[in-house]
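Notes to accompany the following structure.
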Amino acid sequence: MSTDLPASPCVRLRIHEAIAVLTLDNPPVNALGWAVRDGLLQGLRNAEAHPAVHALVIVGAGKAFIAGADIREFGQPPRDPWLPAVCNAIEACTKPVVAAIHGPALGGGLEIALACHARIAAPNAKLGLPEVQLGLLPGAGGTQRASRLIGAAAALDLMLSGRHVSAPEALRLGLIDHITTMAEDLSAHMQAEGIAWARHLLAERTPPRRTGEQAEALADRAANQAAIDAAKAQASKARGLFSPLQIVACVQDALDLPMAEGLIKERERFAACLASPQRAGLIHAFFSERGTAKVPEAQQGTPRPVQHVGVIGGGTMGAGIAVSLLDAGLRVTLIERDDTALQAGLGRIAKVYEGQVAKGKLSAEAQAEKLGRLSLATAYAALADADLVIEAVFEDLAVKQAVFAQLQAVCKPGAVLATNTSYLDIDAIAASTTRPQDVIGLHFFSPANIMKLLEIVVPAQVSPDVVATAFELAKRLKKVPVRAGVCDGFIGNRILAVYRTAADHMLEDGASPYDIDRMVKAFGFPMGPYEMSDLAGGDIGWATRKRRAATRDPKARYVQIADRLCERGWFGQKTGRGWYVYEAGSRQGQEDPEVLAIVEAERQRAGITPRAFSTDELERRYLAAMVNEAAKVVAEGIALRPLDVDVTLLYGYGFPRHKGGPLHHADQLGLARILADIRTFAEADPLFWRPAPLLEQLVAEGRQFADLNKI
Ligand code: 3H9
């Protein structure tokens, strides 16, 4: 027999013979928006006051317990009740409250569970305090309750990594009390399991066990202090991030202060994180990386089924793509021109898996299963039943067109024909076939099995089904897809070419390559452009420069310094020498006086008197070039929205995530300032520093890139 009591549209309260069940129902992930917080608090109060209720259960409807605070509300005016008040009310409840968790219990969701008096979880539960990834800290008592429940070391690990913990690990850590069985309808199942657990507590006559009153895990003060000190040292190294050190300070408070005082401090520190620009950048990144999959073709077209994929070319790129496909459970046929090349390709693929087995990340059986789905062939006929083929051969239009001619001869009708080109004109590749509607660009980044970015390059004649298939494939490969239009370099490499050119201009005008790299790293990139070039291989950029030589505007400034290094065979790490020198076997380069001498000689040859650059000027020029080209890319429709540029630079080029991406960062700096910089730089080089019309328009209208981010 059950009774319903009013709570709110997002929270149902139903009494099942002395047990009140509060079901949170706010699709898709039960985020704790105002209506949910309000309904939960009302429901809790109603149930606590109801004489027929002896215990309470909190459960999530749908596929999640609770994914956390509603991230969309951050930055908006606060609205009572706040989550900390809801959590405190749950903990203070005079009747036992059980959290019955399935799926994600993250951030504020786990904080609700920590405030409950008992926690049980389904085998699929994912528990975590990922606030750090949004520039925040658990601000609803999580820092204080997690420390008291599982100790400083484990709580810090959870909060500083933001990682998700499985149900078995959560049980080991002491985050939960029990793991239930699995069921088809998990929400209903967890409701029944929660009721059973509540009855068990009532039968045992267990009084509410309040996490805030637990003292055992923090009892060994010295051990907890050591964990805090170690975390503080580690967090101090975290490239200028704000929230990690605040999290450590909160755990110190948990060790030093009574619960009530710790909660007050936590609120203050949470407010400081909320006000930080890093929070805005990280939350922009969170929504943008989900926004890039929202493209018109994905809504218009139905993805074609894909089970068998052909990969043409077993070089570094092709092998990485094959690994990525095998990891996603697909059947792969690798094509090479002869047996020797085929074996080399197989060797590259096998090496990745051997490395994973050696590190204990992959079992020998899983390795065998993956390699069992790989076939090798030298004849294109082996692709007759492939659903999709990805070409990763030499970067030359004629070579690629020859590959596509063979593909159209053997592939079944409706097979998707993709090219992994980084720069070439995919419209020209498509036009050379009889089925341009099936041709698309899938631009992977190296190493393709690791890098998350996938530029999906959409030529003029491609069918929406094929675009939808590419986005579906990206999801299966766990990649972040970005839709790009056809142009030289698409979104990422086109913008890179321009900010790298700005760096080369500064180099020739007097800056050291090492100062430029240092500035870029201090900004937050993992490496600078010259270190990057040494890693990728200087010969790659050299080939591109030679290809572009014929079409380059003769009036455009061209810096030859990189060519001088390449002419000496200094291609970077692989030749032991590039912009830096590398000792045998080392990836850590040393600054090279000979490079500086070459730079100086080139300045003299070009008739340039070197001048000094401040770090501020280096940064302003580098960013202005990036933003200006990005604005052109958006205006031309190469990127659908500014957020697509941001995600491309975040995932493919190491732009620091806490700055949100170049166009989010530009909005924060102020577009008028950037445009003014460009106009100043244009006085000396008007051709390179032509302001993007979109940037001029936004400044004139007092708008920002964010205003164009309609998803
Ligand atoms: C916090 O809790 C602070 C507190 O400590 C303190 C407060 C005082 N809010 O990822 P998906 C949307 S901070 C709003 O594609 P999946 C998401 O945008 C929060 N919306 O699905 C997407 O919308 P759309 C700490 C959210 O199955 C849709 O849900 N919590 C939220 O691959 C589906 O998401 C976190 O950081 C949210 N909290 O993954 C957890 N979460 O369909 C963040 C999701 O319009 N969330 N959405 O694009 C996640 O990690 C994943 O979404 C999750 C599901 C694992 C839950």
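Descriptive notes on the structure:
- Filter pass, Cys87 being open to solvent by less than 50 Å² (accessible area, probe 1.4 Å), over 14 Å from Asn30 (Cβ atoms) and within 11 Å of the ligand (Cβ to nearest atom): yes
- The stretch 574-605, subset hydrophobic (A, V, I, L, M, F, W, C) and touching a Pro at 6+ places or on another chain (Cβ under 9 Å), residue most open to solvent (accessible area, probe 1.4 Å): Leu596
- Residue match in the stretch 66-77 (condition: open to solvent by less than 10 Å² (accessible area, probe 1.4 Å) and over 23 Å from Ile15 (Cβ atoms)): yes
- For Ala55, the conditions (1) small (Gly, Ala, Ser); (2) within 15 Å of the ligand (Cβ to nearest atom); (3) crowded, with 24+ Cβ neighbours inside 10 Å all hold with the exception of (2).
- Of the residues screened, Val98 is not one that is surrounded by 19 or more Cβ atoms within 10 Å (Cβ to Cβ) and within 30 Å of the chain's Cα centre (by Cα).
- You will find that of Ala61, Ala92, the residue that is open to solvent by 40 Å² or more (accessible area, probe 1.4 Å), more than 13 Å from the ligand (Cβ to nearest atom) and out of contact with any Pro (no Cβ under 7 Å at 6 or more places or on another chain) is Ala92 and no other.
- Any chance Lys361 is in a loop (DSSP other than H, G, I, E, B), within 16 Å of the ligand (Cβ to nearest atom) and either open to solvent by less than 10 Å² (accessible area, probe 1.4 Å) or not small (Gly, Ala, Ser) (or both): no
- Applying the criterion of being touching a Pro at 6+ places or on another chain (Cβ under 9 Å) and more than 8 Å from the ligand (Cβ to nearest atom) to the residues of the stretch 115-127, the residue that is most open to solvent (accessible area, probe 1.4 Å) is Pro123.
- Across the stretch 153-175, the qualifying residues are those that are farther than 22 Å from Leu137 by Cβ and crowded, with 17+ Cβ neighbours inside 10 Å, and the one among them that is nearest to the ligand (Cβ to nearest atom) is Ala167.
- Summed over the stretch 590-626, residues that are outside any helix (DSSP H, G or I) and either more than 36 Å from the chain's Cα centre (by Cα) or at pLDDT below 95 (or both) total 7.
- Filter result (near the ligand (Cβ under 7 Å from one of its atoms), more than 22 Å from the chain's Cα centre (by Cα) and among the aliphatic types (A, V, I, L, M)) within the stretch 132-152: Ala140
- Within the stretch 544-564, residues that are more than 20 Å from Thr421 (Cα to Cα) sit with their Cβ atoms under 7 Å from residues that are modelled with pLDDT of 95 or more and open to solvent by 70 Å² or more (accessible area, probe 1.4 Å), at 6+ positions apart or across chains, in these pairs: Arg552/Tyr558.
- Scoring Ala47 on the criteria (1) modelled with pLDDT of 95 or more; (2) within 12 Å of the ligand (Cβ to nearest atom) leaves a single failure, condition (2).
- Residues (buried (at least 16 other Cβ atoms within 10 Å of the Cβ) and either more than 19 Å from Ile426 (Cβ to Cβ) or aliphatic (A, V, I, L, M) (or both)) located in the stretch 374-396: Leu374, Leu376, Tyr380, Ala382, Leu383, Ala386, Asp387, Leu388, Val389, Ile390, Ala392, Val393
- When Thr181 is tested against the conditions (1) of a type in the set (S, T, N, Q); (2) over 24 Å from Cys273 (Cα atoms); (3) within 13 Å of the ligand (Cβ to nearest atom), the lone failure is (3).
- Checked against the criterion of being within 15 Å of the ligand (Cβ to nearest atom) and either more than 27 Å from the chain's Cα centre (by Cα) or modelled with pLDDT under 95 (or both), the candidates Leu32, Leu40, Leu106, Leu22 yield just one match: Leu40.
- Helices (runs of 4 or more DSSP H) fully within the stretch 85-188 counting 2 or more residues that are over 19 Å from Ile264 (Cβ atoms) and free of Cβ contacts under 8 Å to residues at least 40 places away in the same chain: 142-161, 167-173
Yes or no, residue by residue, for (1) surrounded by fewer than 19 Cβ atoms within 10 Å (Cβ to Cβ); (2) in contact (Cβ under 8 Å) with a residue 60 or more places away in the chain:
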site	(1), (2)
Ala503	no, yes
Leu507	no, yes
Ile516	no, yes
Met519	no, yes
Phe523	no, yes
Met527	yes, yes
Glu531	no, no
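- Flag if Ala624 is farther than 30 Å from Pro447 by Cβ and open to solvent by less than 50 Å² (accessible area, probe 1.4 Å): yes
- Scanning the stretch 381-406 for residues that are in a helix (DSSP H, G or I) and free of Cβ contacts under 8 Å to residues at least 60 places away in the same chain returns Ala381, Leu397, Ala398, Val399, Lys400, Gln401, Ala402, Phe404, Ala405, Gln406.
- Across the stretch 407-429, the number of residues qualifying as open to solvent by 50 Å² or more (accessible area, probe 1.4 Å), outside any helix (DSSP H, G or I) and not charged (D, E, K, R) comes to 1.
- Selection count where residues are in a loop (DSSP other than H, G, I, E, B) and either within 30 Å of Tyr558 (Cα to Cα) or in contact with a helix residue (DSSP H, G or I) (Cβ under 7 Å, 6 or more places away or on another chain) (or both), scope the stretch 671-711: 13
The values are calculated or read from the model by the stated rules, or taken from the named source; none is laboratory data. For clarity, every value in this text was computed on a predicted model and none was experimentally measured. Note that each Cβ is placed from the backbone with ideal geometry, even for glycine, and that neighbours are counted across all protein chains shown. With ligands, DNA and RNA removed, areas are computed over all heavy atoms of the protein, side chains included. Shrake-Rupley method; radii C 1.70, N 1.55, O 1.52, S 1.80 Å.
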